[in-house]
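The values are calculated or read from the model by the stated rules, or taken from the named source; none is laboratory data. Predicted model, so just to flag it, every value in this text is computed and none were measured. Positions of Cβ are backbone-derived with ideal geometry, glycine not excepted, and every protein chain shown enters the neighbour counts.
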């Protein structure tokens, strides 16, 4: 009899524990932790903006004297010089891939002082004329560059550019050293073919901002002016040809990337409490 009671008690306890476990499974469970959202990597577009400043060591061939057919003299230039000039420019570009890119630029070149000296003979004497003026230019170039690889954020590159320049010779004067003769130019402006060669290095300040130091050889054509002398004369013309410049440029280049946005911050919210029913114990059985 005792054995039957013990068996019945064990079976009853097992049934109660099973029912309790099943009932506990029906209670709501805590929600899973919020997912960690990793922001996508920052992407840059292929377009970029650029701005540059620099100084150019200007040069050119000796001035050419173009005599009026009505005149007859043996005037010839003996010396020609050009002063240095600063310039500033803007542009927009496109990176075709990691080693090839293109851009177009517009640039203003401030005045470069032009000086020329020439002599002629008249009445058994030798006379000299001094010519002075200011050469200014607008330069428009389409450029292509080859980036040669990046080491420690430094990217050397070479490039070539073609386009046009609008050259202006302003305040051009002709002054005779001995006589009182004087003449003034007509402030002409001429369009010319222009081309350039580049060599430089870029420093990657950040993913979307670069600083470049560049040498450029620039050939930007010629300019011709006609001088009208005071008191009346047959006006002669003067040509400054083969204009070139050794330029040193500092360029800032900005890719059209999105600005860095920090990932969102999550506030931890503890899960709601889970109700656990009190344990149920089997009834005590007597041995009677």
| query | Is it the case that some residue within region 135-153 is farther than 30 Å from residue 97 by Cβ, more than 23 Å from the chain's Cα centre (by Cα) and either in a strand (DSSP E or B) or modelled with pLDDT of 95 or more (or both)? | reply | yes
| Every pair of residues 6+ apart whose Cβ atoms lie under 7 Å, when the first sits in region 107-128 and is free of Cβ contacts under 8 Å to residues at least 24 places away in the same chain and at negative phi while the second is surrounded by fewer than 17 Cβ atoms within 10 Å (Cβ to Cβ) and part of a strand (DSSP E or B) | 126/119
| query | Any idea which of 9, 83, 13, 61 is farther than 30 Å from residue 232 by Cβ and either touching a helix residue (DSSP H, G or I) at 6+ places or on another chain (Cβ under 7 Å) or modelled with pLDDT of 95 or more (or both)? | reply | 83
| message | Being crowded, with 20+ Cβ neighbours inside 10 Å and over 14 Å from residue 87 (Cα atoms) is the filter here; which residues of region 129-140 pass it? | response | 129, 131, 133
| task | Pick out, from region 165-245, the strands (runs of 3 or more DSSP E) lying fully within it that include 1 or more residues that are within 33 Å of the chain's Cα centre (by Cα) and buried (at least 16 other Cβ atoms within 10 Å of the Cβ). | result | 189-206, 209-219, 223-229, 236-240
| said: I'd like to check which strands (runs of 3 or more DSSP E) are fully inside region 36-125 and have at least 2 residues that are in contact with a strand residue (DSSP E or B) (Cβ under 9 Å, 6 or more places away or on another chain) and closer than 15 Å to residue 243 by Cα. | reply: 44-59, 76-82, 100-122
| request: Among the residues of region 179-216, write down those that are more than 30 Å from residue 169 (Cα to Cα) and out of contact with any strand residue (DSSP E or B) (no Cβ under 7 Å at 6 or more places or on another chain). | output: 206
